[in-house]
Amino acid sequence: MFSLTPEAAAPRLAVARRTLERLRQVPELAARYRGSADVRTLDDVAALPPLLKDDLNLALAHLRPRAEHGATWLFQSGGSTGAPKLGHAPTGFYMAGVHAHWQPLDRGDVFVNAWGAGRMWGAHFLAAALADLSGCQVIALGSVTRDEYAEWLAFFAAREVTAIGGTPSVLRLWFAHARAAGVELPALRKVLWLGEAWQPQMEEDMAAVAPEARRWGMFGSTETWVVGTNSPDCPADTFHTLPHQLVHVDEDELLDFTTLDPEMLNPVLRYRTGDAGRLVACPCGRPGPAMRVAGRRDSVVQVRGLGLHVDELITRAEREPGVTRSQVLITETGGRAGAVELLVVTEPGASVDVERLRKELLAETFTLSTAFQHDPENFRVRPVADLISNERTGKTAGLVVREGP
(Lines give C-alpha, C1' and ligand atoms only; values in the text may rest on other atoms or scores of the structure.)
Protein backbone atom coordinates (compact mmCIF):
# COMPACT_ATOMS: atom_id res chain seq x y z
CA MET A 1 0.00 0.00 0.00
CA PHE A 2 1.24 3.48 -0.92
CA SER A 3 0.55 6.90 0.54
CA LEU A 4 -0.05 8.38 -2.92
CA THR A 5 -2.52 7.26 -5.56
CA PRO A 6 -1.11 6.17 -8.94
CA GLU A 7 -2.47 9.38 -10.46
CA ALA A 8 -0.82 11.60 -7.84
CA ALA A 9 2.49 9.72 -8.00
CA ALA A 10 2.84 9.46 -11.79
CA PRO A 11 4.08 13.02 -12.49
CA ARG A 12 6.76 12.65 -9.79
CA LEU A 13 8.10 9.18 -10.62
CA ALA A 14 10.76 10.68 -12.92
CA VAL A 15 12.63 11.51 -9.69
CA ALA A 16 12.53 7.84 -8.64
CA ARG A 17 13.82 6.82 -12.09
CA ARG A 18 16.71 9.25 -11.73
CA THR A 19 17.48 7.90 -8.24
CA LEU A 20 17.51 4.34 -9.59
CA GLU A 21 20.06 5.36 -12.23
CA ARG A 22 22.23 6.98 -9.56
CA LEU A 23 22.15 3.80 -7.44
CA ARG A 24 23.11 1.71 -10.47
CA GLN A 25 26.30 3.80 -10.68
CA VAL A 26 27.44 2.55 -7.27
CA PRO A 27 29.70 -0.49 -7.90
CA GLU A 28 28.68 -2.25 -4.68
CA LEU A 29 24.96 -1.85 -5.49
CA ALA A 30 24.87 -2.18 -9.27
CA ALA A 31 24.18 -5.94 -9.33
CA ARG A 32 21.13 -5.74 -7.08
CA TYR A 33 19.41 -3.24 -9.41
CA ARG A 34 20.51 -4.80 -12.71
CA GLY A 35 17.26 -6.69 -13.22
CA SER A 36 14.97 -3.95 -11.94
CA ALA A 37 12.59 -2.35 -14.40
CA ASP A 38 12.65 1.39 -14.89
CA VAL A 39 10.24 3.04 -12.47
CA ARG A 40 7.06 3.89 -14.39
CA THR A 41 4.38 2.80 -11.93
CA LEU A 42 3.92 2.25 -8.21
CA ASP A 43 4.12 -1.49 -8.85
CA ASP A 44 7.62 -0.91 -10.25
CA VAL A 45 8.56 0.88 -7.04
CA ALA A 46 7.20 -1.98 -4.90
CA ALA A 47 9.27 -4.49 -6.93
CA LEU A 48 12.57 -2.74 -6.12
CA PRO A 49 14.75 -4.15 -3.34
CA PRO A 50 14.62 -2.14 -0.09
CA LEU A 51 17.52 0.17 0.67
CA LEU A 52 19.07 -0.14 4.14
CA LYS A 53 21.25 2.32 6.04
CA ASP A 54 24.52 0.59 5.14
CA ASP A 55 23.49 0.58 1.46
CA LEU A 56 22.73 4.29 1.60
CA ASN A 57 26.09 5.01 3.24
CA LEU A 58 27.81 3.13 0.40
CA ALA A 59 25.85 5.11 -2.17
CA LEU A 60 26.62 8.47 -0.58
CA ALA A 61 30.31 7.66 -0.27
CA HIS A 62 30.45 6.94 -4.00
CA LEU A 63 28.09 9.64 -5.32
CA ARG A 64 29.18 12.53 -3.06
CA PRO A 65 26.12 14.64 -3.97
CA ARG A 66 26.33 18.41 -4.21
CA ALA A 67 23.58 21.02 -4.04
CA GLU A 68 22.80 23.01 -7.18
CA HIS A 69 22.45 26.21 -5.15
CA GLY A 70 23.88 27.17 -1.78
CA ALA A 71 25.96 24.98 0.48
CA THR A 72 25.79 21.22 0.84
CA TRP A 73 25.30 20.36 4.50
CA LEU A 74 26.40 16.99 5.87
CA PHE A 75 24.65 15.61 8.93
CA GLN A 76 25.06 12.45 10.96
CA SER A 77 22.62 10.55 13.11
CA GLY A 78 22.49 7.24 14.92
CA GLY A 79 25.40 5.35 16.39
CA SER A 80 23.85 4.42 19.74
CA THR A 81 22.46 1.07 18.57
CA GLY A 82 24.00 0.78 15.11
CA ALA A 83 26.32 2.32 12.58
CA PRO A 84 26.08 6.11 12.20
CA LYS A 85 24.04 7.26 9.19
CA LEU A 86 24.93 10.16 6.94
CA GLY A 87 22.62 12.63 5.26
CA HIS A 88 23.14 15.48 2.81
CA ALA A 89 20.93 18.54 2.37
CA PRO A 90 21.09 21.87 0.57
CA THR A 91 20.76 25.17 2.39
CA GLY A 92 17.14 25.43 3.47
CA PHE A 93 16.86 21.69 4.27
CA TYR A 94 13.75 21.25 2.04
CA MET A 95 11.69 23.16 4.59
CA ALA A 96 9.98 25.39 2.00
CA GLY A 97 8.06 22.30 0.88
CA VAL A 98 7.18 21.46 4.48
CA HIS A 99 6.11 25.02 5.29
CA ALA A 100 3.77 25.06 2.29
CA HIS A 101 1.69 22.33 3.95
CA TRP A 102 2.38 22.78 7.68
CA GLN A 103 2.59 26.12 9.48
CA PRO A 104 2.68 25.70 13.25
CA LEU A 105 4.63 28.95 13.69
CA ASP A 106 3.57 32.43 12.61
CA ARG A 107 5.03 35.90 12.69
CA GLY A 108 3.72 36.60 16.18
CA ASP A 109 5.54 33.68 17.79
CA VAL A 110 8.60 33.76 20.03
CA PHE A 111 10.16 30.37 19.35
CA VAL A 112 12.79 28.55 21.44
CA ASN A 113 14.83 26.22 19.24
CA ALA A 114 15.96 23.67 21.85
CA TRP A 115 17.30 21.06 19.46
CA GLY A 116 21.01 20.54 19.95
CA ALA A 117 23.18 22.64 17.65
CA GLY A 118 26.31 20.53 17.97
CA ARG A 119 28.53 18.93 15.39
CA MET A 120 26.74 17.29 12.44
CA TRP A 121 23.34 17.40 14.15
CA GLY A 122 20.63 18.48 11.74
CA ALA A 123 17.34 19.13 13.54
CA HIS A 124 18.40 22.47 15.06
CA PHE A 125 19.18 23.91 11.64
CA LEU A 126 16.08 22.39 10.06
CA ALA A 127 13.91 24.06 12.71
CA ALA A 128 15.78 27.33 12.16
CA ALA A 129 14.87 27.16 8.47
CA LEU A 130 11.21 26.63 9.37
CA ALA A 131 11.31 29.58 11.77
CA ASP A 132 12.87 31.74 9.06
CA LEU A 133 10.01 30.89 6.67
CA SER A 134 7.52 31.67 9.44
CA GLY A 135 8.99 35.10 10.15
CA CYS A 136 8.85 34.62 13.92
CA GLN A 137 11.31 35.63 16.65
CA VAL A 138 13.81 32.90 17.51
CA ILE A 139 15.81 32.05 20.62
CA ALA A 140 18.50 29.66 19.36
CA LEU A 141 19.21 27.74 22.51
CA GLY A 142 20.92 24.41 21.95
CA SER A 143 22.05 22.23 24.85
CA VAL A 144 21.77 23.41 28.44
CA THR A 145 23.49 22.19 31.60
CA ARG A 146 21.54 21.29 34.73
CA ASP A 147 22.37 24.50 36.60
CA GLU A 148 21.24 26.71 33.69
CA TYR A 149 17.59 25.64 33.51
CA ALA A 150 16.27 28.04 36.16
CA GLU A 151 17.73 31.16 34.55
CA TRP A 152 16.61 30.19 31.07
CA LEU A 153 13.08 29.38 32.24
CA ALA A 154 12.84 32.78 33.92
CA PHE A 155 14.02 34.34 30.66
CA PHE A 156 11.36 32.42 28.69
CA ALA A 157 8.66 33.68 31.04
CA ALA A 158 9.91 37.27 30.78
CA ARG A 159 10.04 37.11 26.97
CA GLU A 160 6.57 35.52 26.84
CA VAL A 161 7.79 32.58 24.78
CA THR A 162 4.91 31.12 22.73
CA ALA A 163 6.60 28.07 21.16
CA ILE A 164 9.39 25.63 21.91
CA GLY A 165 10.81 22.77 19.87
CA GLY A 166 13.10 19.81 20.51
CA THR A 167 13.30 16.07 20.78
CA PRO A 168 10.74 14.71 23.28
CA SER A 169 13.47 13.59 25.70
CA VAL A 170 14.90 17.12 25.74
CA LEU A 171 11.47 18.77 26.01
CA ARG A 172 10.59 16.47 28.87
CA LEU A 173 13.54 17.80 30.84
CA TRP A 174 12.46 21.39 30.25
CA PHE A 175 8.92 20.81 31.46
CA ALA A 176 10.04 18.68 34.42
CA HIS A 177 12.51 21.37 35.56
CA ALA A 178 9.88 24.08 35.17
CA ARG A 179 7.33 22.14 37.17
CA ALA A 180 9.82 21.31 39.91
CA ALA A 181 10.81 24.98 40.17
CA GLY A 182 7.22 26.20 40.12
CA VAL A 183 7.77 28.14 36.88
CA GLU A 184 4.72 28.74 34.70
CA LEU A 185 4.77 29.68 31.01
CA PRO A 186 1.23 30.90 30.35
CA ALA A 187 2.09 32.32 26.91
CA LEU A 188 3.43 28.97 25.64
CA ARG A 189 0.97 27.51 23.13
CA LYS A 190 3.01 25.36 20.75
CA VAL A 191 5.41 22.45 21.32
CA LEU A 192 7.17 21.24 18.17
CA TRP A 193 8.96 17.92 18.15
CA LEU A 194 11.07 15.74 15.86
CA GLY A 195 13.64 12.99 16.36
CA GLU A 196 11.86 10.56 18.70
CA ALA A 197 8.37 9.27 19.40
CA TRP A 198 6.18 11.57 21.46
CA GLN A 199 6.35 10.84 25.20
CA PRO A 200 2.83 11.02 26.69
CA GLN A 201 4.31 11.10 30.20
CA MET A 202 5.31 14.70 29.47
CA GLU A 203 1.72 15.89 29.15
CA GLU A 204 1.11 16.04 32.91
CA ASP A 205 4.05 18.45 33.31
CA MET A 206 2.91 20.44 30.27
CA ALA A 207 -0.56 20.84 31.77
CA ALA A 208 0.95 22.25 34.97
CA VAL A 209 3.53 24.53 33.33
CA ALA A 210 1.79 25.65 30.13
CA PRO A 211 -1.87 24.60 30.09
CA GLU A 212 -2.47 26.20 26.67
CA ALA A 213 0.40 24.34 24.96
CA ARG A 214 -0.34 21.78 22.24
CA ARG A 215 2.00 19.47 20.36
CA TRP A 216 2.97 19.75 16.66
CA GLY A 217 5.05 16.86 15.34
CA MET A 218 7.34 16.08 12.42
CA PHE A 219 8.42 12.60 11.34
CA GLY A 220 11.58 11.97 9.37
CA SER A 221 15.26 11.12 9.48
CA THR A 222 18.62 12.51 8.41
CA GLU A 223 18.29 10.42 5.24
CA THR A 224 14.67 11.13 4.27
CA TRP A 225 14.33 14.56 5.90
CA VAL A 226 10.77 15.46 6.89
CA VAL A 227 8.32 12.83 5.64
CA GLY A 228 5.13 13.94 7.39
CA THR A 229 3.65 16.25 9.99
CA ASN A 230 0.77 16.34 12.42
CA SER A 231 -1.29 18.86 14.36
CA PRO A 232 -2.90 18.92 17.83
CA ASP A 233 -6.00 17.35 16.25
CA CYS A 234 -4.04 14.25 15.17
CA PRO A 235 -2.93 11.35 17.39
CA ALA A 236 0.72 11.72 18.33
CA ASP A 237 1.70 8.63 16.32
CA THR A 238 -0.10 9.66 13.11
CA PHE A 239 1.41 11.89 10.43
CA HIS A 240 0.14 13.34 7.16
CA THR A 241 2.77 12.61 4.54
CA LEU A 242 4.01 15.38 2.26
CA PRO A 243 3.22 15.10 -1.46
CA HIS A 244 6.91 14.71 -2.37
CA GLN A 245 7.33 11.76 0.02
CA LEU A 246 6.10 8.34 -1.10
CA VAL A 247 5.51 5.92 1.79
CA HIS A 248 5.07 2.20 1.16
CA VAL A 249 3.85 -0.39 3.68
CA ASP A 250 4.88 -3.98 2.97
CA GLU A 251 3.14 -7.18 4.07
CA ASP A 252 5.03 -7.14 7.39
CA GLU A 253 3.97 -3.52 8.04
CA LEU A 254 7.53 -2.28 7.61
CA LEU A 255 7.64 1.25 6.22
CA ASP A 256 9.91 2.33 3.41
CA PHE A 257 10.32 5.79 1.93
CA THR A 258 10.94 7.09 -1.58
CA THR A 259 11.62 10.79 -2.00
CA LEU A 260 10.03 12.35 -5.08
CA ASP A 261 11.56 15.80 -4.54
CA PRO A 262 13.82 16.63 -7.52
CA GLU A 263 16.09 18.66 -5.19
CA MET A 264 16.77 15.69 -2.89
CA LEU A 265 20.49 14.94 -2.56
CA ASN A 266 20.18 11.57 -0.76
CA PRO A 267 19.24 8.69 -3.13
CA VAL A 268 16.21 7.62 -1.08
CA LEU A 269 14.47 4.78 -2.92
CA ARG A 270 12.47 2.33 -0.78
CA TYR A 271 14.66 3.32 2.17
CA ARG A 272 13.91 1.53 5.45
CA THR A 273 14.48 3.39 8.68
CA GLY A 274 13.45 0.42 10.83
CA ASP A 275 9.99 1.82 11.56
CA ALA A 276 6.80 -0.17 11.27
CA GLY A 277 3.34 1.23 10.70
CA ARG A 278 0.30 1.41 8.47
CA LEU A 279 -1.76 3.88 6.45
CA VAL A 280 -4.98 4.95 8.16
CA ALA A 281 -7.69 7.59 8.16
CA CYS A 282 -6.68 10.27 10.66
CA PRO A 283 -9.32 11.24 13.26
CA CYS A 284 -8.58 14.91 12.50
CA GLY A 285 -10.77 14.52 9.41
CA ARG A 286 -8.19 15.57 6.84
CA PRO A 287 -8.82 13.58 3.63
CA GLY A 288 -6.41 10.98 2.32
CA PRO A 289 -4.39 8.31 4.12
CA ALA A 290 -2.12 9.23 7.01
CA MET A 291 0.87 7.26 8.28
CA ARG A 292 0.50 5.74 11.74
CA VAL A 293 3.93 4.79 13.13
CA ALA A 294 3.85 1.73 15.36
CA GLY A 295 7.46 2.05 16.50
CA ARG A 296 10.89 0.88 15.53
CA ARG A 297 11.38 -2.76 14.73
CA ASP A 298 15.08 -2.25 15.38
CA SER A 299 14.34 -1.44 19.01
CA VAL A 300 14.65 -5.21 19.46
CA VAL A 301 18.23 -5.97 20.48
CA GLN A 302 19.97 -9.28 20.96
CA VAL A 303 20.73 -10.22 24.56
CA ARG A 304 22.51 -13.55 24.78
CA GLY A 305 20.88 -14.71 21.57
CA LEU A 306 17.36 -13.58 22.47
CA GLY A 307 15.45 -10.50 21.32
CA LEU A 308 14.80 -7.88 24.00
CA HIS A 309 12.06 -5.34 23.21
CA VAL A 310 13.61 -2.19 24.63
CA ASP A 311 10.54 0.03 24.11
CA GLU A 312 8.25 -2.46 25.82
CA LEU A 313 10.57 -2.70 28.83
CA ILE A 314 10.73 1.09 29.14
CA THR A 315 6.95 1.44 28.82
CA ARG A 316 6.43 -1.16 31.55
CA ALA A 317 8.90 0.56 33.87
CA GLU A 318 7.33 3.99 33.38
CA ARG A 319 3.92 2.63 34.37
CA GLU A 320 5.38 2.00 37.82
CA PRO A 321 4.13 4.63 40.31
CA GLY A 322 6.87 7.11 41.07
CA VAL A 323 8.99 6.34 37.96
CA THR A 324 9.16 9.29 35.58
CA ARG A 325 11.75 8.12 33.04
CA SER A 326 13.76 5.00 32.30
CA GLN A 327 16.52 3.72 30.05
CA VAL A 328 18.09 0.35 29.25
CA LEU A 329 21.87 0.10 29.65
CA ILE A 330 23.58 -2.99 28.25
CA THR A 331 27.18 -3.69 29.17
CA GLU A 332 28.92 -5.95 26.66
CA THR A 333 32.12 -7.91 26.98
CA GLY A 334 33.56 -9.16 23.73
CA GLY A 335 30.26 -8.48 21.96
CA ARG A 336 28.19 -10.47 24.48
CA ALA A 337 25.79 -8.85 26.94
CA GLY A 338 27.27 -9.34 30.37
CA ALA A 339 24.68 -7.27 32.21
CA VAL A 340 21.45 -5.39 31.57
CA GLU A 341 20.48 -2.47 33.78
CA LEU A 342 17.20 -0.62 33.82
CA LEU A 343 17.97 2.93 34.91
CA VAL A 344 15.02 4.73 36.50
CA VAL A 345 14.49 8.36 37.44
CA THR A 346 11.90 8.81 40.16
CA GLU A 347 9.70 11.69 41.25
CA PRO A 348 11.07 13.81 44.11
CA GLY A 349 10.15 12.13 47.37
CA ALA A 350 8.82 9.00 45.67
CA SER A 351 9.74 5.61 47.08
CA VAL A 352 10.09 2.90 44.43
CA ASP A 353 10.83 -0.67 45.46
CA VAL A 354 13.42 -1.39 42.78
CA GLU A 355 14.05 -4.95 43.96
CA ARG A 356 10.36 -5.79 43.64
CA LEU A 357 10.31 -4.15 40.20
CA ARG A 358 13.38 -6.14 39.18
CA LYS A 359 11.80 -9.44 40.21
CA GLU A 360 8.53 -8.60 38.46
CA LEU A 361 10.31 -7.68 35.23
CA LEU A 362 12.34 -10.88 35.36
CA ALA A 363 9.16 -12.89 35.79
CA GLU A 364 7.20 -10.97 33.13
CA THR A 365 9.87 -10.69 30.42
CA PHE A 366 10.72 -13.92 28.63
CA THR A 367 14.04 -12.65 27.28
CA LEU A 368 15.30 -11.52 30.69
CA SER A 369 14.13 -14.61 32.57
CA THR A 370 15.70 -16.93 30.00
CA ALA A 371 18.91 -15.01 29.29
CA PHE A 372 19.68 -14.52 33.00
CA GLN A 373 18.32 -17.83 34.26
CA HIS A 374 21.67 -18.80 35.76
CA ASP A 375 22.84 -15.32 36.82
CA PRO A 376 19.74 -13.21 37.57
CA GLU A 377 21.90 -10.76 39.54
CA ASN A 378 23.19 -9.45 36.18
CA PHE A 379 19.82 -7.89 35.48
CA ARG A 380 19.43 -4.87 37.75
CA VAL A 381 17.08 -1.94 38.29
CA ARG A 382 19.06 1.10 39.40
CA PRO A 383 17.72 4.50 40.52
CA VAL A 384 19.65 7.41 39.01
CA ALA A 385 19.43 11.19 39.15
CA ASP A 386 19.67 11.50 35.35
CA LEU A 387 19.63 9.19 32.37
CA ILE A 388 22.61 8.90 30.04
CA SER A 389 22.37 11.60 27.38
CA ASN A 390 24.33 12.61 24.31
CA GLU A 391 26.43 15.53 25.53
CA ARG A 392 26.41 17.06 22.07
CA THR A 393 22.69 16.98 21.29
CA GLY A 394 21.08 16.53 24.71
CA LYS A 395 19.06 13.65 23.24
CA THR A 396 18.39 10.68 25.51
CA ALA A 397 18.14 7.31 23.76
CA GLY A 398 16.07 4.49 25.20
CA LEU A 399 19.02 2.11 24.79
CA VAL A 400 22.69 2.63 25.58
CA VAL A 401 25.30 -0.05 24.87
CA ARG A 402 28.70 0.12 26.55
CA GLU A 403 31.77 -2.05 26.39
CA GLY A 404 32.71 -3.54 29.74
CA PRO A 405 36.09 -4.62 31.10
Inset, instruction - Provide, for the chain, the number of lysine pairs with alpha carbons under 24 Å apart, each pair being eight or more places apart or on different chains. - result: 4
Legend entry - Two-site label geometry, E347 and A180: point separation in nm, points 7 Å out along Cα→Cβ: 1.4 nm
Legend entry - Efficiency of FRET between T145 and T315 - r from beta-carbon atoms, R0 30 angstrom, step 0.05: 0.55
Inset, instruction - May I ask you to compute the full-extension gain from E28 to A46, defined as 0.36 nm times their residue separation minus their alpha-carbon distance, rounded to one decimal in nm? - result: 4.3 nm
Legend entry - Simple spin-label estimate for D375 and T333 in nanometres, 7 Å along Cα-Cβ: 0.5 nm
Inset, instruction - Report Rg (one decimal) and Dmax (nearest whole number) for the chain, counting Cα atoms only, units Å. - result: 22.0, 64
Legend entry - Residue of A129, A210, A30 that the Gaussian network model of the chain assigns the largest fluctuation, springs spanning Cα pairs under 10 Å: A30
Legend entry - For the chain, built as a Gaussian network whose Cα springs stay under 10 Å, the top-fluctuating residue of D147, D256, D132: D147
Legend entry - Shape category assigned to region 291-405 from the gyration tensor of Cα positions, a/c cut at 1.5: rounded
Legend entry - Cβ-defined net charge surrounding N113, 14 Å radius [Lys, Arg +1; Asp, Glu -1]: 0
Inset, instruction - Provide the net charge surrounding L254, with neighbours chosen by a C-beta distance below 10 Å and charges set as Lys +1, Arg +1, Asp -1, Glu -1. - result: -4
Inset, instruction - Whole number in Å², please: accessible area per residue of the chain, 1.4 Å probe, ligands, DNA and RNA not counted. - result: 46 Å²
Inset, instruction - Work out the FRET efficiency for A67 and R382 from their Cβ-Cβ distance, taking R0 = 56 Å, and round it to the nearest 0.05. - result: 0.75
Legend entry - Listed residues R24, R336, R34, most fluctuating in the chain (Gaussian network, C-alpha, under 10 Å): R34
Legend entry - Structure-based [θ]222 nm, the chain - -39500 (n - 2.57) summed over DSSP H runs of at least 4, per residue, nearest 500: -7500 deg cm²/dmol
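The values are calculated or read from the model by the stated rules, or taken from the named source; none is laboratory data. Quick caveat: nothing in here was measured; it's all calculated off a predicted structure. Every residue, glycine as well, gets a Cβ built from its backbone with ideal geometry; the counts of neighbours run over all protein chains shown. The accessibility values were calculated without ligands, DNA or RNA, using every heavy atom of the protein model including side chains. Shrake-Rupley method; radii C 1.70, N 1.55, O 1.52, S 1.80 Å.
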